[in-house]
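Notes follow the structure.
The values are calculated or read from the model by the stated rules, or taken from the named source; none is laboratory data. Quick caveat, the model's predicted, so the values are computed rather than measured. Quick reminder, even Gly has a Cβ in these numbers, built from the backbone with ideal geometry, and neighbours come from all protein chains shown.
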Amino acid sequence: MRSFDIAQDKFPICDFRLRETVNHGPHPTARAVFLDRDGTINEEVIYLNSAEQFRLLPGAGEAIRLLNQKGWLVIVITNQSALARGYFTAEDLALVHQKMKAALDGEGAQINAIYVCPHQPEDGCLCRKPGTALFEQAAREFDIDLSKSYAIGDKMTDLVPGARLGCRTVLLLTGHGQEQLENKDEWEMEPDYIAPDLLSAVRWILAEVGK
């Protein structure tokens, strides 16, 4: 993982990304599912800053395992402005991700890469969702066909970048999802599907592509 100094006042715009490659082996397809992290894979915790706070949501491991078994790339893209705010360090983040990978390993599931934007909203970067930069970076690095891919998350900002790039989208009702649904009149786009949780979303995707 690329390290950085959280004490500095300014981060280079959109040139300050962390990426952890978990598994970059050969894949039979160039399809991917882009997942948000907090409220999608794990329980929502405000500024989750320690591995002890990390807990997989029910069914998340099984959902990712199903994608692995069907040959889909699983890419996590997460906004972590708490890095820029100094609420936790890159080392703390690495420990959280180690806990996530260990928890998924325990369920026979793997993610292929984690992309992190550490900027605050006011930094004006393109890598912070709903910006598309990290999705585009992943597509280049993994040779992903975005038109055959999906973006899943519990906020519309998780879905908008995928939609802008031609992905299909799924809003989850875990995390902030119910609140997002209650503010539907503020959406700039409609998700292709709304699912109660990640496992339901993945089952819908696999049924869709199986048609």
- Leading residue by the ranking (surrounded by the fewest Cβ atoms within 10 Å (Cβ to Cβ)) among those in the stretch 132-154 that are closer than 22 Å to Trp204 by Cβ and among the hydroxyl-bearing types (Ser, Thr, Tyr): Ser147
- Note on the structure: Among the residues of the stretch 6-44, the number that are within 15 Å of Asn79 (Cβ to Cβ), at pLDDT 90 or above and either of a type in the set (Val, Ile, Thr) or in a strand (DSSP E or B) (or both) is 6
- Exactly one condition in (1) surrounded by 16 or more Cβ atoms within 10 Å (Cβ to Cβ); (2) of a type outside the set (Gly, Ala, Ser); (3) over 16 Å from Asp38 (Cβ atoms) is not met by Asp158; state its number. (3)
- Message: Based on this model, can you work out whether Val116 counts as in a strand (DSSP E or B) and of a type outside the set (Asp, Glu)?
- Response: yes
- Task: Might you check whether a residue that is in contact with a Pro (Cβ under 7 Å, 6 or more places away or on another chain) and at pLDDT 95 or above occurs anywhere in the stretch 132-150?
- Result: yes
- Query: Any idea which of (1) surrounded by fewer than 21 Cβ atoms within 10 Å (Cβ to Cβ); (2) at pLDDT 95 or above is the one Asp123 doesn't satisfy?
  - Reply: (2)
- Item | Residue count, the stretch 71-90 (criterion: modelled with pLDDT of 90 or more and surrounded by fewer than 16 Cβ atoms within 10 Å (Cβ to Cβ)) | 1
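Among the residues of the stretch 143-165, how many are more than 14 Å from the chain's Cα centre (by Cα), of a type in the set (Lys, Arg) and closer than 22 Å to Cys125 by Cα?
Residues of the stretch 143-165 that are more than 14 Å from the chain's Cα centre (by Cα), as a first pass: 143-148, 163-165.
If we keep only those that are of a type in the set (Lys, Arg) as well, we get 148, 164.
Subset that is closer than 22 Å to Cys125 by Cα: 164.
Looking only at that region, the number is 1.
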- Is the stretch 109-130 home to any residue that is under 24 Å from Ser50 (Cα atoms) and of a type in the set (Gly, Ala, Ser)? yes
